Amino acid sequence: MESKLSFNFKTNQEILKIISFIDGFRGKWKHIGVKESRYLNELKHIATIESIGSSTRIEGSNMSNEEVEDFVNSIKITSFKSRDEQEVFGYYDTLNLILDSYASIEISENNIHQLHKTLLSKSKKDYRHRGKYKTLSNKVVANYPDGSQKVIFNTTKVHLVESEMKTIIQWTNNAIKNEEVHPLIAIAAFIYEFLSIHPYQDGNGRLSRLLTTLLLLKSSYDFVEFASMENEIEKQKQDYYKALMAGQKNRYSKKEKIDKWVMFFLSTLKKTIEKLESNYQFIKEKKSYLNQRQQNALEYIRKSEPIKIGDLTHALSEYTPYILKKDMKYLVDEGLIVRIGKGKATIYIINEQKS
């Protein structure tokens, strides 16, 4: 891997400059996260919808962000109308798992298998191979809105997949733990190798972006929970493939360098930060930092208090109980409503001191 990361002086200077920007923002964001926590819920919601929509569209889905949001807010787990919905649910489920549990998810073959299995959990077509390395050769293919496809490059042969995955996982864990290279470069290198190997029959692109989020969170780039790198990749899909191809064309030779990919990866993360800053400023300037669903819940409580959680889920039946329970916790944490009692006897009322 060291030879692939051996860049010229100019490239190294550009990389250091972008890393300095990203690390500087990371420090600033920790302060924002503590002082301005009331804005984080909406930022996370925006990022989640954008991430799901963009990552699945890169692989050929036709669902808009608005359609993704409507679907996520009213998921009926037993019923999916299309493969697009199956893929959206899988990404939604896996992303939430990562956001909730990243600290305990180590980078290992078994955990990556489990994430792949969750990603494809509702994809009927992928039932036989989810959570298992590929048994047939595959290729990296670009999918375009008109339905056309273009082969970008060939991938690792089936019999070499397991050994190459073990190698890159071990290298990445050691590189980050021992601080052999900057964690952002180690993460970029891991994702390049993962996409080059393409270890699974399907779902590799989506899983690579989920693994990017996991690795960034594990390396304390906490802001990624509130921003969508997937959205920025979608905007630059051609450059994304070009950066991969620049290294891949010399795969398995001494000429294989991933400078173009590392620059793309870091530049995209920088653009993701700039979008996050813009979203943050927009939300901060809004009169209300509650999203429409939370405003509806608050208005219902105001008119019908005291209420139980069952009253709310019945009144706002277009949303899932899971989403509404999270909203109620948020409203309590923000001091907008008061929770009284425990268990099934719990009721909620408006906090008059903040109304």
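Tabulated data
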{"item": "Odd one out for ASN62, checked against (1) at pLDDT 95 or above; (2) touching a Pro at 6+ places or on another chain (Cβ under 9 Å)", "result": "(1)"}
{"item": "Residue count for the stretch 282-314, restricted to those that are among the polar types (S, T, N, Q), modelled with pLDDT of 85 or more and in contact with a helix residue (DSSP H, G or I) (Cβ under 8 Å, 6 or more places away or on another chain)", "result": "3"}
{"item": "Test for GLN170: is it surrounded by fewer than 18 Cβ atoms within 10 Å (Cβ to Cβ), in a helix (DSSP H, G or I) and at pLDDT below 95", "result": "no"}
{"item": "Of residues in the stretch 138-158 being surrounded by fewer than 20 Cβ atoms within 10 Å (Cβ to Cβ) and closer than 24 Å to SER3 by Cα, the one modelled with the highest pLDDT", "result": "LYS157"}
{"item": "Hey, GLU164 in contact with a helix residue (DSSP H, G or I) (Cβ under 8 Å, 6 or more places away or on another chain) and of a type in the set (Asp, Glu) or not", "result": "yes"}
{"item": "Complete set of residues in the stretch 137-173 that are over 27 Å from LYS237 (Cβ atoms) and without any contact (Cβ under 8 Å) to a residue 60 or more places away in the chain", "result": "VAL158, HIS159, LEU160, GLU162, SER163, LYS166, THR167, GLN170"}
{"item": "Verdict on ILE112 being modelled with pLDDT of 90 or more, farther than 30 Å from ALA297 by Cβ, hydrophobic (A, V, I, L, M, F, W, C) and part of a helix (DSSP H, G or I)", "result": "yes"}
{"item": "Residue count for the stretch 121-138, restricted to those that are within 16 Å of PHE194 (Cβ to Cβ) and touching a Phe, Trp or Tyr at 6+ places or on another chain (Cβ under 7 Å)", "result": "2"}
{"item": "Residue list for the stretch 300-322, restricted to those being under 29 Å from the mean Cα position of the chain (by Cα) and surrounded by fewer than 17 Cβ atoms within 10 Å (Cβ to Cβ)", "result": "SER317, GLU318, PRO321, TYR322"}
{"item": "Sole residue being surrounded by 18 or more Cβ atoms within 10 Å (Cβ to Cβ), in contact (Cβ under 8 Å) with a residue 12 or more places away in the chain, within 18 Å of the chain's Cα centre (by Cα) and farther than 25 Å from PHE264 by Cβ, chosen from LEU120, LEU216, LEU210", "result": "LEU120"}
{"item": "Any hit, the stretch 238-247, residues being touching a strand residue (DSSP E or B) at 6+ places or on another chain (Cβ under 8 Å), farther than 20 Å from ASP23 by Cα and of a type in the set (Phe, Trp, Tyr)", "result": "yes"}
{"item": "Residue that is nearest to LYS166 (Cα to Cα) [pool: residues in the stretch 118-135 that are modelled with pLDDT under 85 and among the hydroxyl-bearing types (Ser, Thr, Tyr)]", "result": "TYR127"}
{"item": "The stretch 219-238, residues that are among the polar types (S, T, N, Q), within 25 Å of TYR39 (Cβ to Cβ) and either surrounded by fewer than 22 Cβ atoms within 10 Å (Cβ to Cβ) or outside the structural domain of LYS150 (by TED's automatic domain parsing) (or both)", "result": "SER219, SER220"}
{"item": "All positions within the stretch 265-281 that are modelled with pLDDT of 95 or more, surrounded by fewer than 20 Cβ atoms within 10 Å (Cβ to Cβ) and not charged (D, E, K, R)", "result": "SER267"}
{"item": "Any chance VAL262 is more than 30 Å from THR213 (Cβ to Cβ) and crowded, with 17+ Cβ neighbours inside 10 Å", "result": "no"}
{"item": "Positions within the stretch 306-355 being assigned to a loop (DSSP other than H, G, I, E, B) and more than 28 Å from VAL72 (Cβ to Cβ), in sequence order", "result": "PRO306, GLY341, LYS342, ASN351, GLU352, GLN353, LYS354, SER355"}
{"item": "Pairs where the first residue, in the stretch 242-262, is assigned by TED's automatic domain parsing to the domain that holds LYS139 and the second is among the acidic types (Asp, Glu), C-beta under 7 Å, 6+ apart", "result": "GLY247/GLU256; ASN250/GLU256"}
{"item": "Residues of the stretch 196-219 satisfying the condition of being touching a strand residue (DSSP E or B) at 6+ places or on another chain (Cβ under 9 Å) and part of a helix (DSSP H, G or I)", "result": "SER196, ASN204, GLY205"}
{"item": "The listed residue being at pLDDT below 90 and surrounded by 14 or more Cβ atoms within 10 Å (Cβ to Cβ), out of GLU334, GLU352", "result": "GLU334"}
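The values are calculated or read from the model by the stated rules, or taken from the named source; none is laboratory data. All figures in this text were calculated on a predicted structure; none of them were measured in a lab. For neighbour counting, all protein chains shown are included, and Cβ atoms are generated from backbone atoms with ideal geometry for every residue, glycine included.
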